[in-house]
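Working notes for the structure below.
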Amino acid sequence: MLRCRPTLPRLIQSFSSSSSSVSCSPPLPPRSPHSLSHSLTHALCRSRFHCRAQGIAVCIMVKSHYIRAGRMVRILRGPRQDRVGVIVDIVDANRVLVENPEDAKMWRHVQNLKNVEPLKYCVSISRNCSAKALKDALDSSKVLEKYAKTRTAARVEAKKACAVSTDFERYQLRVARRSRAYWTRKAFDEKDAKTPVSWHKVALKKLQKKAAKIDSTEGAKRRMQKAIAARKAKK
């Protein structure tokens, strides 16, 4: 059974009650009386130990795409939607400075953290660095080329190409997809006929094998009955 981690009030309650009750958890280092975070850490450790002792799985998600200077982000909404940039500086808890020297529309501007998606790529730059330093870091790390090879970038490029395509180009795309699906089905059916892979072919092969076994058993019974009848007729 999978259970989530206890909430903050329950952690505080479990920590306060653990001092009066006998606990089977291992001894922990003494806590500082002036540190609430230290107390909550002790309570969390006790709750994890209790969950492991009871055989309960504890789910802890680890995020590695932290907001920092040099983190590459993708814009989610607005006129710069699906464009990528690098965090140059952090304004406050909700806003960051984003810039991409390789994109003419991604000059240094402020973006809300709700409007950006942190990517796994990051460059080594200092806070509020110059555009030249940022460009040199991008050229040396080649993170833009790495991002261009991802599925997200391919999906964004396909979306842009479909948005600017004409009716005839969309018709050509539809015909190409139908042709690809036809030849894929044909090649699969040819291989499936030789070596059953699809579920109905596999089920049919099993039924045929069982039927052959039953037929062989019935044939053996009939041959035995004929032999017994012939032996009785001779007597």
Could you check Asp167 against (1) acidic (Asp, Glu); (2) under 30 Å from Arg83 (Cβ atoms); (3) without any contact (Cβ under 8 Å) to a residue 40 or more places away in the chain; (4) surrounded by 11 or more Cβ atoms within 10 Å (Cβ to Cβ) and say which number it fails?
(4)
Long-range neighbours under 8 Å by Cβ, at least six apart or interchain, first residue assigned by the TED database to the domain that holds Val91 and closer than 11 Å to Val86 by Cα within segment 106-121, second assigned to a helix (DSSP H, G or I) and basic (Lys, Arg):
Tyr121/Lys146
Just name the residue that is nearest to Ile67 (Cα to Cα) out of those in segment 119-144 that are among the charged types (D, E, K, R) and assigned to a loop (DSSP other than H, G, I, E, B).
Arg127
Any chance Tyr121 is surrounded by 11 or more Cβ atoms within 10 Å (Cβ to Cβ) and aromatic (Phe, Trp, Tyr)
yes
From (1) part of a helix (DSSP H, G or I); (2) under 24 Å from the mean Cα position of the chain (by Cα); (3) surrounded by fewer than 13 Cβ atoms within 10 Å (Cβ to Cβ), pick out the condition that doesn't hold for Tyr147.
(3)
Positions within segment 172-200 being farther than 30 Å from Ala161 by Cα and more than 32 Å from the chain's Cα centre (by Cα), in sequence order
Glu190, Ala193, Lys194, Thr195
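The values are calculated or read from the model by the stated rules, or taken from the named source; none is laboratory data. Computed from a prediction, not measured in an experiment: that's the story for all the values here. Please note: Cβ atoms are built from the backbone with ideal geometry, for glycine as well, and neighbour counts cover all protein chains shown.
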